[in-house]
1. Within the stretch 88-136, track down each residue that is outside any helix (DSSP H, G or I) and modelled with pLDDT of 95 or more.
2. How many of the residues in the stretch 160-175 are among the charged types (D, E, K, R) and either open to solvent by 80 Å² or more (accessible area, probe 1.4 Å) or under 22 Å from Glu87 (Cβ atoms) (or both)?
3. Considering (1) within 25 Å of Ala155 (Cα to Cα); (2) in contact with a Gly (Cβ under 8 Å, 6 or more places away or on another chain); (3) not β-branched (Val, Ile, Thr), say which one Gly48 fails and leave the rest.
4. Regarding Ile73, is this residue surrounded by 12 or more Cβ atoms within 10 Å (Cβ to Cβ), touching a residue at least 60 places away in the same chain (Cβ under 8 Å), of a type in the set (Val, Ile, Thr) and touching a Ser or Thr at 6+ places or on another chain (Cβ under 9 Å)?
Amino acid sequence: NSLSSNGSEGIVQISDGLQPFLTNLAENPREIVGISTGYGRLDKAMGGGQRRKSTNIIAARPGIGKTLLADAISLHSAGRLHIPVLELDTEMDITGHWPRMLASMTHVPIEEIETGKFAKNLQSARKVDKAVKILEKMPLHYMNVAGKEFEDIIAIARRWVMQKVGFDAHGVTND
C-alpha cells in the first residue's frame, strides 16, 4: 500500500526553475557563496564559507585552538559583518572567552589581560576599554551548554534564532 500512496506532490523536473536561477546568479555575482569566516583558506576548504542550512564541525585534540578559532570567527561575523552569532560552548565558561577576545581585538598580550597588568599601561587600558565598548554593541551571544542533552541545545539555538536573528519578508531566516 505504501508504494501506491500518492507521495509525488514534491516531484519536479530537475530543470524546472534552472534558467531563472542561473540568470539571477549571472546578474548578482558574489565573491563567496556562504558567510566568510574571515579566513580565506578555511572558507575555501568549507566549500565557500559558512553556508545556510549546514553545520561545520571543527575537531582536534585538547589545547589545539578550537575555541580560539571559534572566537575569531564569531568576532569577524558579529563585528565586521554585523551578523548575529551564538556561541554554544560545552567546556569553557564565558570568563575564559573574554581574555581571548580582548587580546585578539586589542593586540594586548593575553597574559596581561588575564593578570590585570593591562591596567597599569595607559595605552593597553584604553585599548581594552575600547574593545569592551565594541563587544557591548556586537550581536554576539554566548551560552555554556555543558551537560545539556543535544535536543535541548537545538531548542536553545532555535529560540535564539527566532528571538535575535529573525526572518525576512519571505519567511527566510536572516543571516
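1. Those that are outside any helix (DSSP H, G or I) and modelled with pLDDT of 95 or more: His107, Val108, Pro109, Gly116, Asn121.
2. So the answer is 2.
3. (1)
4. Spelling it out, it is not the case that Ile73 is surrounded by 12 or more Cβ atoms within 10 Å (Cβ to Cβ), touching a residue at least 60 places away in the same chain (Cβ under 8 Å), of a type in the set (Val, Ile, Thr) and touching a Ser or Thr at 6+ places or on another chain (Cβ under 9 Å).
Yes/no matrix, rows are residues, columns are (1) hydroxyl-bearing (Ser, Thr, Tyr); (2) open to solvent by 50 Å² or more (accessible area, probe 1.4 Å):
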{"residue": "Thr67", "(1), (2)": "yes, no"}
{"residue": "Gly79", "(1), (2)": "no, no"}
{"residue": "Met101", "(1), (2)": "no, no"}
{"residue": "His107", "(1), (2)": "no, yes"}
{"residue": "Gly116", "(1), (2)": "no, no"}
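Okay, residues lined up against (1) part of a loop (DSSP other than H, G, I, E, B); (2) open to solvent by 90 Å² or more (accessible area, probe 1.4 Å); (3) in contact with a strand residue (DSSP E or B) (Cβ under 6 Å, 6 or more places away or on another chain); (4) closer than 30 Å to Gly147 by Cα:
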| residue | (1), (2), (3), (4) |
| --- | --- |
| Ile11 | yes, yes, no, no |
| Ala26 | no, no, no, no |
| Arg52 | yes, yes, no, yes |
| Thr55 | yes, yes, no, yes |
| Arg61 | yes, yes, no, yes |
| Leu86 | no, no, yes, yes |
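The values are calculated or read from the model by the stated rules, or taken from the named source; none is laboratory data. Just so it is clear, the structure is predicted and the values come from calculations on it, not from any experiment. Positions of Cβ are generated from backbone atoms using ideal geometry, with glycine treated the same way; all protein chains shown enter the neighbour counts. SASA here: full protein model, heavy atoms, side chains in, ligands and nucleic acids out. Shrake-Rupley method; radii C 1.70, N 1.55, O 1.52, S 1.80 Å.
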